[in-house]
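Bear in mind these aren't lab numbers, they're just calculated from the coordinates by the rules spelled out. Worth saying up front: this structure is predicted, and the values here are computed from it rather than measured. All Cβ positions, glycine included, derive from the backbone under ideal geometry; neighbour counts span all protein chains shown.
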Amino acid sequence: MTPEAAEIMEKLKDKKVEYKVIASSNSFVHIDDIDNRIITEVLGPERYGRVRFQGSFVNPTQYFGSSSQRYMPSESQAQAEVQRLRDQMAQMQATTTEQITQLKAEAAAREVEQSRKYDELQHALDFLHYFGLVN
């Protein structure tokens, strides 16, 4: 353990003892909830691009290796994904518009067919009235 790490560990232990004393006298402070608060007080807030507990200047690539970069798409990959999603949305919109048009045409055809059947039934009823077969 480096002297810097030993000093940090000592500060963490001291803060833990301090919070245990506070938690024993204050029912609103729970000792289980304070570990992150203690770490933040001793080490400061987390910084983007740094790996906590691995030294002052260790970044994720140094710690995890360059394979960690595969999880962060490049700008061109992100733009390609955005374009793919836009194309997919346009295709879905075109398909939906086509389906709506088809449904409207089917509804109009059904309406014409119902109108034709109504006219046939009306003519049949008129015929029956004409010959006195129905009142």
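Odds and ends about this structure:
- Added length on full extension, which subtracts the Cα-Cα distance from 0.36 nm per residue, residue 105 to residue 117: 2.5 nm
- Per-pair calculated FRET efficiency, R0 = 41 Å: residue 40 and residue 91 via Cβ, rounded to 0.05: 0.30
- Counting 0.36 nm for each residue step from residue 20 to residue 83 and taking away their Cα separation leaves a gain of 17.3 nm.
- Cα convex hull of region 74-135, projected area averaged across orientations, nm²: 4.8
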